[in-house]
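*Asks:* This is the structure I want to talk about, given as structure tokens.
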Amino acid sequence: MKSPLRSLAAAAAATLLLSACGGGQDAGEGAAAGPVTIDYWLWDTAQQPQYQACADAFTKANPGYTVKITQYGWDDYWNTLTTSFVSGTAPDVFVSHLSRYPEFAAQGQLLPITDRVTTDKIDLSQYQDGLADLWVAKDGQRYGLPKDFDTVAVIYNTDKLKEAGIKPEEMTKLTWNPQDGGTYEDVIARLTVDVNGKRGDEPGFDKKHVATYGLGLAGSGAGFGQTEWSMYTMSNGWQYGDQNPWPTTFNYADPKFKDAIRWFTSLIDKGYMPTMEIASAGTGQIDAYGAGKYAMVTEGSWNTKTYWGLKGVKSALAPTPIGPTGKRASLLNGLADNISAGTDNPDAAWAWTKFLASPACQEEIVAKEAVVFPAIKSAKAKAEQAFADAGIDVKPFTMHVQDGTTHLAPIAEHWADITAIMTETMDSVFSGKSDVNALDEANTKVNALLG
Amino acid sequence: MAATTALVGRPRHGRVIPWGRIAGWAVLVLVMAATLFPFYWMLRTSFSNTRSLAAGAADLLPADFTLGAYRRVLGLSSTAEAVAEGGSGGSVNFWLFLRNSIVVATSVTVGQVFFSAMAAYAFARLRWPGRDAVFLLFLTALMVPPIFTTLPNFVLIKELGLLNTYLGIVLPHLLMTPFAVFFLRQFFLGVNAGLEEAARIDGAGHVRIFFRIILPVNRGPITTLAILTYITSWNDYFWPLLVGKDESVRVLTVALGIFRSQTPQGSPDWAGLMAATLFAALPMIILFAVLGRRIIDSIGYTGVK
Amino acid sequence: MTSETVNAAAPPTVEAASRGTPPPPTRRLGDLPVAVLFVLPAAIGFVVFYLWPALRGLYLSLTKYNVLTPPRFVGTANYERLLGDHLFWNALKVTAEYVVINIGTQTVASVLLAVLLHRLTRSLLVRGVVLLPFLVANVVVALLWFWMLDYQLGVVNHALDWLGLERVAFFGDSDLAIPTVALVNTWRHLGYTALLIYAGLQMIPPSVYEAAALDGASEWRMFWRVTLPLLRPVMAMVMVLTVIGSFQVFDTVAVTTAGGPINATRVIYFYIYDLAFNRFNFGYAAALSSVLFVILAGVAYLQLRLTRAGESDLKGA
């Protein structure tokens, strides 16, 4: 019985050896003659058709290259990507996200494109202001070129607005402040209706049994709050950190932030906005809005089409309210494509990335699909037109870039750890278990991560 | 006593008023109702238009009845149609993926049950030094968090050049799972020693005892294990997603993953997801319906042919 | 084959086999050659796909490792950090709460169900229906219940409304979130567990019941005096398996509460996963996994000892 044991040991040894060289790159692939296939990953099926069209146009212009698009759902995308980096099976090019790419870049998994951008004389000013800066990592290297941008606006139910006796014009002039909430809070109160039909601004309003909340709530927003509270905190003169990108300290303990959050969460106590229990006990803001439980919501532009697709509700857009600074505010965020450091064919990967970031793809194809706003300035008019053709006036989203009221999305190291700390604290504040002063401790912890 | 007994027969209690039985049936009916209602809800949702579900949340009937979800699952609807009903443009090559699922689940089940039974025999019926220690070691594998195994196994399969092959998908579960070995060992322990002894006096070796006594006597547990293994393997998602991206080996669950949410904070295509789930379960339900009688017979029989 | 030579040895009775009676001195190796042959395929699978990754994980727990760059040895730093990590202790507490509720409800209900199935009906339909939830993948079950239990849109809350009761935020209330997750998983695994136990019931010779019935024993007495004792090896296994599985709850939490509200459902496995794949803190995650492994091994060992799983009371039957 010695031999079976020995082969067992041999098998084990072989495994050790094999696993030990994991993480190495494919040696066998690449260098093959004939057309080069570029492996490209994305997560959003709604955007797959437009990028397939771009891929077709790209192959037509560059017959030596073909693009193979693979799509994964958001929940699987990052796991699969991480695993593929470990095993050296990563795609050549993939759609990336601001909250993820710094970590990949820091670990040497992404191909810097700084030199190629210079050599090919890519005009970075063709993109919406600031967008391109987001894709330069802490090491000073550029890893991506912007492909689209998004902002935040208010989506409201037009029937409920009419029932409340509010005119659509009023919605464009709303103001808010952290003391009494301004006309914005008046509208939210008016739109709130309890089970007996009493409105939020009427005597006898039963805040414990609300049929329709004036404003929906998606969650506490953790440390980002893009669609939840960023438009209030930033129109109150607050900034995420001492600088952006790559802050060295965060400002979650700033009174301007606390005031805005204290006012915002007061809407919950007043019964104008659902509690955290309700908001987190279900399937989400979009479904609740579709069921008529919310009269208005604050939303990101990427979800616009979904709202208009809902049956049984009619919607319109309004800009986020003007704050104490006298201006509106919206975060400006966007996606870009990254190239894997381990790509077999950097030239092909670059050619495809460059094409995705060019007017040929963004202005001629993506803009016309009316799913996202292309990052290229000149494509904005076409995109607005395409949305208008679909019956959606997207000015409340795009006016921010026009009026210069955008603020670049925060991009920082250790973002996942920051999110973990802030989720705990903000959830606690939003559910009334802590005072806003709990933010002091959270901010100290966050800054310790960066220090 | 000799273990060869006839078919299981329930003891009769004719003289007692069967209040217990009535209460028992009441509980059983209640359990079945609690089990079935969510399935009705899946069915109802799958015949709904995803876009209308929110507005018609309280209806017991499908909201805005449509077969669209099933058309999406089968890849029959165009992207535009799919998107209009709240779905995505992803289409599914149903029959190919069904075949892949059957190949994968069947080979995993056959391999895993057979090899685990062999090991269980050695642990339950043979005497050898270190047996209990080795068994305990095997048992500890139950507690190895999958997070440890996924990455190294993926790297190994890749190094062996088995990505996008059936073998790559089935290999980690083909030879054993600690569950299967443990399960069968517990049943093999209970086999009456007299049977083995008799066979041995007849001159049977271990291989023969294994095939002619242990396996037939334990047909019930083995069938049960095979069913459970088949279902588990059929529903496995993350591993085949990593290893079998390629269309030629993609299994049904992976293909149906496209009905889960496509964007952060986005909600899934509910109707599509439910239709897909029912579709994925259907082959197994049919399998059980067809093989049902056989399975019952084998489970209900505790003797040797 | 070597089997002929082994015939001379006394055939192992269940009792001898399980209590580890020392083999006769003349045959110190016992059935070893045959045993190796029988265990070999499973052993290869075990070493390659379980043992090696586990050892590697153990090593990684002593390193700082972010998955994508090579690990750096840091000694016991991860374990020291763990002691002061309130999220770790919270995760243990939450997981324990989950396990108690899940295993408690699931075990009682599945034994009851298995006995009912065994004593009342041989209907394939009934057994098929009971197993149905297990046919649906975990993630889908979780999503389905999340949808059905939604505070504002869920059919369950509509039913509560209709009955004149207050709506309940099942997944959103920090006191209810863990029981809700536990009961959802009980729903999915009830039929599965019942079927395992049912398989054990099938192994009990009917003659035992017939004898008991002749003695005039009631169903209730038979259950406690006959069924449960004879079921012990199978019950022990089922308990070990379900408890271990229960400790590793992940999918349900990941698609519903994602650890919230305020860490109320941040079970240990979800925390480990979040650390490893979202926060690229694999070394620390490996340390947590190792601790979880030790806890599970301890629990399983205790269970096996308490239930004397190696023995069967069937031997005298």
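The values are calculated or read from the model by the stated rules, or taken from the named source; none is laboratory data. The shown structure was predicted, so the numbers you read here are calculated from the model rather than taken from an experiment. All Cβ positions, even for glycine, are placed from backbone atoms using ideal geometry, and neighbour counts span all protein chains on display. Calculation scope for accessible area: heavy atoms of the full protein, side chains included, ligands and nucleic acids excluded. Shrake-Rupley method; radii C 1.70, N 1.55, O 1.52, S 1.80 Å.
*Asks:* When you go through A:Lys305, A:Lys311 one by one, which is the residue that is open to solvent by 40 Å² or more (accessible area, probe 1.4 Å), more than 18 Å from A:Ser434 (Cα to Cα), in a loop (DSSP other than H, G, I, E, B) and within 12 Å of another protein chain (Cβ to nearest Cβ)?
*Replies:* Unique residue meeting the criteria: A:Lys311.
*Asks:* Further, regarding this structure: Find the residue count for region A:66-84, including only residues that are closer than 12 Å to B:Gln262 by Cα and more than 8 Å from every other protein chain (Cβ to nearest Cβ).
*Replies:* Total satisfying the criteria: 1.
*Asks:* Would you check if there is a residue in region C:176-188 being open to solvent by 40 Å² or more (accessible area, probe 1.4 Å) and either assigned to a helix (DSSP H, G or I) or more than 28 Å from C:Leu135 (Cβ to Cβ) (or both)?
*Replies:* yes
*Asks:* Quickly run through region B:108-123 and pick out the residues that are at the interface with chain C (Cβ under 7 Å from one of its Cβ atoms) and open to solvent by less than 10 Å² (accessible area, probe 1.4 Å). Steps first, please.
*Replies:* Let us first name the residues in region B:108-123 that are at the interface with chain C (Cβ under 7 Å from one of its Cβ atoms), namely B:115-116, B:118-119, B:121-122.
Of everything in region B:108-123, those that are at the interface with chain C (Cβ under 7 Å from one of its Cβ atoms) and open to solvent by less than 10 Å² (accessible area, probe 1.4 Å) turn out to be B:Ser116, B:Ala119, B:Tyr121, B:Ala122.
*Asks:* A:Tyr289 - would you say it is in a loop (DSSP other than H, G, I, E, B) and either of a type in the set (Phe, Trp, Tyr) or not assigned by TED's automatic domain parsing to the domain that holds A:Met231 (or both)?
*Replies:* Here the answer is no, as A:Tyr289 does not meet what is asked.
*Asks:* Against the definition (within 8 Å of another protein chain (Cβ to nearest Cβ) and over 28 Å from B:Val31 (Cα atoms)), how does C:Thr69 come out, yes or no?
*Replies:* Details: within 8 Å of another protein chain (Cβ to nearest Cβ): yes; over 28 Å from B:Val31 (Cα atoms): yes.
Judged against the criteria, C:Thr69 is a match.
Residue-wise test of (1) facing another protein chain (nearest Cβ under 8 Å); (2) modelled with pLDDT of 80 or more.
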residue	(1), (2)
B:Asn235	yes, yes
B:Val254	no, yes
B:Gln262	yes, no
B:Gln265	yes, no
B:Leu273	yes, yes
B:Met284	yes, yes
B:Val290	no, no
B:Ile296	yes, no
B:Val304	no, no
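*Asks:* Residues that are part of a strand (DSSP E or B) and either crowded, with 18+ Cβ neighbours inside 10 Å or modelled with pLDDT under 95 (or both): does region A:362-374 have at least one?
*Replies:* Among the residues of region A:362-374, at least one is part of a strand (DSSP E or B) and either crowded, with 18+ Cβ neighbours inside 10 Å or modelled with pLDDT under 95 (or both), which makes the answer yes.
*Asks:* For region A:413-424, what are the residues that are in contact (Cβ under 8 Å) with a residue 40 or more places away in the chain, open to solvent by less than 40 Å² (accessible area, probe 1.4 Å) and in contact with a Leu (Cβ under 7 Å, 6 or more places away or on another chain)?
*Replies:* A:Ile418
*Asks:* Another question about this same structure. Evaluate the following for A:Trp176: is it among the aromatic types (Phe, Trp, Tyr) and closer than 30 Å to A:Ser358 by Cα?
*Replies:* Numbers: among the aromatic types (Phe, Trp, Tyr): yes; closer than 30 Å to A:Ser358 by Cα: no.
No, not satisfied.
*Asks:* Same structure again: Across region B:153-211, what is the total count of residues that are more than 9 Å from chain C (Cβ to nearest Cβ) and either within 29 Å of B:Arg99 (Cα to Cα) or within 29 Å of the chain's Cα centre (by Cα) (or both)?
*Replies:* The total comes to 19.
*Asks:* Another question, if that's okay. I need a count of the residues in region A:328-361 that are open to solvent by less than 40 Å² (accessible area, probe 1.4 Å) and part of a helix (DSSP H, G or I).
*Replies:* Result for region A:328-361: 9.
*Asks:* Applying the selection to region C:91-107, what residues are open to solvent by less than 20 Å² (accessible area, probe 1.4 Å) and farther than 15 Å from C:Ile197 by Cα? Steps first, please.
*Replies:* Initially, region C:91-107 is screened for residues open to solvent by less than 20 Å² (accessible area, probe 1.4 Å), giving C:91, C:94-95, C:98-99, C:102-103, C:106.
Matches in region C:91-107: C:Ala91, C:Val94, C:Thr95, C:Tyr98, C:Val99, C:Asn102.
*Asks:* Scan region B:40-51 residue by residue and report those that are open to solvent by less than 10 Å² (accessible area, probe 1.4 Å), in contact with an Asp or Glu (Cβ under 9 Å, 6 or more places away or on another chain) and not basic (Lys, Arg).
*Replies:* Once the filter is applied, which keeps residues that are open to solvent by less than 10 Å² (accessible area, probe 1.4 Å), in contact with an Asp or Glu (Cβ under 9 Å, 6 or more places away or on another chain) and not basic (Lys, Arg), region B:40-51 yields B:Ser48, B:Asn49.
*Asks:* Then there's this: Hey, does region C:224-237 have a residue that's assigned by TED's automatic domain parsing to the domain that holds C:Leu132, in a helix (DSSP H, G or I) and of a type in the set (Gly, Ala, Ser)?
*Replies:* Yes: one or more hits.
*Asks:* Within region C:293-302, how many residues are touching a helix residue (DSSP H, G or I) at 6+ places or on another chain (Cβ under 6 Å) and either open to solvent by less than 20 Å² (accessible area, probe 1.4 Å) or aromatic (Phe, Trp, Tyr) (or both)?
*Replies:* Result for region C:293-302: 3.
For every residue, the table says whether it meets (1) buried (at least 19 other Cβ atoms within 10 Å of the Cβ); (2) touching a Lys or Arg at 6+ places or on another chain (Cβ under 7 Å); (3) of a type in the set (Gly, Ala, Ser).
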residue	(1), (2), (3)
C:Ala213	no, no, yes
C:Arg221	no, no, no
C:Val226	no, no, no
C:Met239	yes, no, no
C:Thr252	yes, no, no
C:Ile262	yes, yes, no
C:Tyr269	yes, no, no
C:Asp274	yes, no, no
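*Asks:* Quick check: anything in region B:142-149 farther than 20 Å from C:Pro233 by Cα, more than 7 Å from every other protein chain (Cβ to nearest Cβ) and assigned to a helix (DSSP H, G or I)?
*Replies:* Yes, because at least one residue in region B:142-149 is farther than 20 Å from C:Pro233 by Cα, more than 7 Å from every other protein chain (Cβ to nearest Cβ) and assigned to a helix (DSSP H, G or I).
*Asks:* Can you find a residue that is at pLDDT below 95, surrounded by fewer than 18 Cβ atoms within 10 Å (Cβ to Cβ) and within 13 Å of chain A (Cβ to nearest Cβ) anywhere in region C:108-127?
*Replies:* For region C:108-127, residues at pLDDT below 95, surrounded by fewer than 18 Cβ atoms within 10 Å (Cβ to Cβ) and within 13 Å of chain A (Cβ to nearest Cβ): absent.
*Asks:* Which one is nearest to C:Val294 (Cα to Cα), of the residues in region C:54-83 that are in a loop (DSSP other than H, G, I, E, B) and either in contact (Cβ under 8 Å) with a residue 24 or more places away in the chain or in the same structural domain as C:Thr180 (by TED's automatic domain parsing) (or both)?
*Replies:* C:Ser61
*Asks:* How do the helices (runs of 4 or more DSSP H) wholly within region A:44-133 filter down when requiring 2 or more residues that are in contact (Cβ under 8 Å) with a residue 24 or more places away in the chain, crowded, with 16+ Cβ neighbours inside 10 Å and of a type outside the set (Val, Ile, Thr): which remain?
*Replies:* Of the helices (runs of 4 or more DSSP H) lying wholly inside region A:44-133, those with at least 2 residues that are in contact (Cβ under 8 Å) with a residue 24 or more places away in the chain, crowded, with 16+ Cβ neighbours inside 10 Å and of a type outside the set (Val, Ile, Thr) span A:48-61, A:74-87, A:101-106.
*Asks:* Here's a follow-up. Taking C:His158 as meeting all but one of (1) outside any helix (DSSP H, G or I); (2) without any contact (Cβ under 8 Å) to a residue 12 or more places away in the chain; (3) at the interface with another protein chain (Cβ under 9 Å from one of its Cβ atoms), write down the number of the exception.
*Replies:* So the condition that C:His158 fails would be (1).
*Asks:* Could I ask something else about it? Considering region C:238-253 alone, what residues qualify as being under 16 Å from C:Arg188 (Cβ atoms), assigned to a helix (DSSP H, G or I) and at the interface with another protein chain (Cβ under 8 Å from one of its Cβ atoms)?
*Replies:* Listed by number, the list holds a single entry, C:Leu241.
*Asks:* Which condition from (1) over 30 Å from A:Thr89 (Cβ atoms); (2) within 9 Å of chain C (Cβ to nearest Cβ); (3) in contact with a Phe, Trp or Tyr (Cβ under 7 Å, 6 or more places away or on another chain) is the one that B:Ile231 breaks?
*Replies:* (1)
*Asks:* Please name all residue pairs, on different chains or six or more residues apart, with Cβ atoms under 7 Å, provided the first residue is in region A:158-180 and is assigned by TED's automatic domain parsing to the domain that holds A:Val313 and the second residue is open to solvent by less than 50 Å² (accessible area, probe 1.4 Å) and among the aromatic types (Phe, Trp, Tyr).
*Replies:* A:Met171/A:Tyr156; A:Leu174/A:Tyr184; A:Thr175/A:Tyr184; A:Trp176/A:Tyr184; A:Trp176/A:Tyr232; A:Pro178/A:Trp263
*Asks:* Sticking with this structure for a sec: Tell me which residues, restricted to region C:130-153, are in contact with a Gly (Cβ under 8 Å, 6 or more places away or on another chain) and at the interface with another protein chain (Cβ under 7 Å from one of its Cβ atoms).
*Replies:* Hits for region C:130-153 are C:Val130, C:Leu132, C:Pro133, C:Phe134, C:Phe146, C:Trp147, C:Met148, C:Asp150, C:Tyr151, C:Gln152, C:Leu153.
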